[in-house]
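Please read the structure below before turning to the comments.
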Amino acid sequence: MKVIKHEQLISSPDIASFVVVLCRNLAQYLTDRIGNFEELEPYFDFWRNCGACYQGSLLIFGVEHDQTSYEVPRIPKGTDGRAKA
């Protein structure tokens, strides 16, 4: 594992960013307004070819679920789409 010091963040070409988002099929089971992989996908070519963008790596991971079950109790939501605690 390579450790990068704070001073190197601006000048190092070895910087990578990781974004973990849901896939659309999983997002429907969560809050009403949450970004998902399929919504970001149209921007991939732009980000890849943007000359003004920093020359690093951006990795975007889409998380999917294995199965669903009606046996599991639902998490109650408020009218704003947020879960009630």
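Below are the figures for this structure:
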{"read-out": "Some residue of the stretch 60-82 being modelled with pLDDT under 65 and exposed (fewer than 10 other Cβ atoms within 10 Å of the Cβ)", "value": "no"}
{"read-out": "TYR43 loosely packed, with under 11 Cβ neighbours inside 10 Å and modelled with pLDDT of 85 or more", "value": "no"}
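The values are calculated or read from the model by the stated rules, or taken from the named source; none is laboratory data. Worth saying up front: this structure is predicted, and the values here are computed from it rather than measured. Quick reminder, even Gly has a Cβ in these numbers, built from the backbone with ideal geometry, and neighbours come from all protein chains shown.
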